[in-house]
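The values are calculated or read from the model by the stated rules, or taken from the named source; none is laboratory data. The model shown is predicted, which means the values in this text are computed figures rather than measured ones. Quick reminder, even Gly has a Cβ in these numbers, built from the backbone with ideal geometry, and neighbours come from all protein chains shown. Heavy atoms of the whole protein, side chains included, go into the accessibility calculation; ligands, DNA and RNA do not. Shrake-Rupley method; radii C 1.70, N 1.55, O 1.52, S 1.80 Å.
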Amino acid sequence: INAEYGGQINLKMEGEKQSTEQIIDHYFEQLNNCVKILINDETYKQREITEGEVVDRLLKALENLFAVGLLENVTFWQYVQKLGKHLPETGITLISKIKKSNPTSLGRGRIFLRKALNEGKLSDYISFLSTHESSELYYSKTSILSRESETHQLLILLKSLNMLNFNLPANPKGIGNEDFWNQETPPVHQRHKSYVYPTTDKAETEGVINKSRSERDIRSVQTAPTTSHFVRPIWKPDSLVTNCSSCKKEFGLIRRKHHCRSCGNIYCFECAKKDTLPELGYHIPVYILSLIHI
């Protein structure tokens with residue numbers, strides 16, 4: 001994968017060329033699984049994280065997600081550098097230091113991800129960069145940063161990493177080389193594809209939403225009550241859903257998709273209703289699954 005020169009990534013899985021959506025889903029699932037391991041494993045939560053196989057998978061998944069959809073001859077580092085002048089002072093300082101740390105654009109982009117994780121500010125920086133009006137000058141509409149629901153999920157995952165203490169080596173040997181990742185990241189094995197619910201420091205996630213939804217199988221998520229932070233579910237990616245999760249009717253031009261703010265799943269207009277959800281911080285009506293369909 002040549003992330004340095006931008007353009008499209010051709011990922012081959014099981015011998016077939018994958019679509020952009022499949023590539024994003026592949027690396028997003030890999031990222032999600034790594035985050036889940038890091039935030040739920042006591043050994044990671046109780047020590048400084050400096051290296052490890054899971055961390056390597058996490059970083060590679062992030063790098064590849066940000067490489068998908070880059071316009072021709074554009075790099076992730078160029079995107080960060082150009083828009084970085086509008087970041088908070090900490091971000092501007094970080095970018096200024098990175099310019100001198102590695103001669104290649106690829107290496108600088110990787111160093112940015114590592115240093116931002118160490119600072120606990122990666123979610124803040126990506127949130128700003130993805131919403132800036134100039135993003136369209138660097139990314140096509142096929143990128144994850146051009147899709148509202150996927151970006152929303154990505155930011156929740158990145159924010160959940162803030163509770164961890166990262167101290168990654170920022171500029172390891174060979175980080176600017178194209179073969180820095182010597183082999184394809186091995187999969188993080190999970191029985192089901194699932195999505196992480198980030199929590200506060202006082203509680204950790206206990207439930208996930210399974211890809212299989214033969215029933216309304218949203219598992220309970222128990223977290224400590226808070227008054228200043230709302231633990232909202234991650235949204236199911238639009239690309240994974242073709243039918244309403246309640247009535248099973250197919251989505252199309254007339255029947256549109258609506259994310260339930262309570263569970264994160266996708267329903268049609270007939271199965272959803274608008275109501276306030278103050279326990280999750282929604283004080284104006286938003287879409288939630290109607291009780292008559294539960």
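Data for the structure
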quantity: Criterion (closer than 21 Å to K159 by Cβ and modelled with pLDDT of 90 or more) met by exactly one of L58, L38; calculated: L58
quantity: Subset of segment 239-283 [open to solvent by 20 Å² or more (accessible area, probe 1.4 Å), farther than 18 Å from E148 by Cβ and part of a strand (DSSP E or B)]; calculated: N243, E250, K273, K274, D275, T276, H283
quantity: Lone unmet requirement of (1) exposed (fewer than 15 other Cβ atoms within 10 Å of the Cβ); (2) of a type in the set (A, V, I, L, M, F, W, C); (3) touching a helix residue (DSSP H, G or I) at 6+ places or on another chain (Cβ under 6 Å) for F76; calculated: (1)
quantity: Residue check for S127: touching a residue at least 12 places away in the same chain (Cβ under 8 Å), closer than 20 Å to L70 by Cα, within 15 Å of the chain's Cα centre (by Cα) and surrounded by fewer than 19 Cβ atoms within 10 Å (Cβ to Cβ); calculated: yes
quantity: Filter result for the condition that a residue is surrounded by 16 or more Cβ atoms within 10 Å (Cβ to Cβ) and touching a residue at least 60 places away in the same chain (Cβ under 8 Å), over L87, L83, L157; calculated: L157
quantity: Hits in segment 99-156 (condition: assigned to a helix (DSSP H, G or I) and polar (S, T, N, Q)); calculated: S105, N118, S123, S127, S130, T131, S134, S135, S146, S149, T151, Q153
quantity: Filter pass, G91 being of a type in the set (G, A, S), in contact with a helix residue (DSSP H, G or I) (Cβ under 7 Å, 6 or more places away or on another chain) and part of a helix (DSSP H, G or I); calculated: yes
quantity: Residue that is most open to solvent (accessible area, probe 1.4 Å) [pool: residues in segment 141-154 that are of a type outside the set (S, T, Y) and touching a residue at least 60 places away in the same chain (Cβ under 8 Å)]; calculated: K141
quantity: Candidate set from segment 40-73 (those that are surrounded by 21 or more Cβ atoms within 10 Å (Cβ to Cβ) and aliphatic (A, V, I, L, M)); member that is farthest from E133 (Cα to Cα); calculated: L58
quantity: Residue in segment 51-62 that is free of Cβ contacts under 8 Å to residues at least 24 places away in the same chain and in a loop (DSSP other than H, G, I, E, B) present; calculated: yes
quantity: Conditions (1) farther than 27 Å from D238 by Cα; (2) of a type outside the set (V, I, T); (3) at pLDDT below 90; (4) open to solvent by less than 30 Å² (accessible area, probe 1.4 Å); number of the one not met by R114; calculated: (3)
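Residue-by-condition table, conditions (1) under 15 Å from L58 (Cα atoms); (2) at pLDDT below 85; (3) buried (at least 19 other Cβ atoms within 10 Å of the Cβ):
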| site | (1), (2), (3) |
| --- | --- |
| P169 | yes, no, no |
| K173 | no, no, no |
| D179 | no, yes, no |
| R213 | no, yes, no |
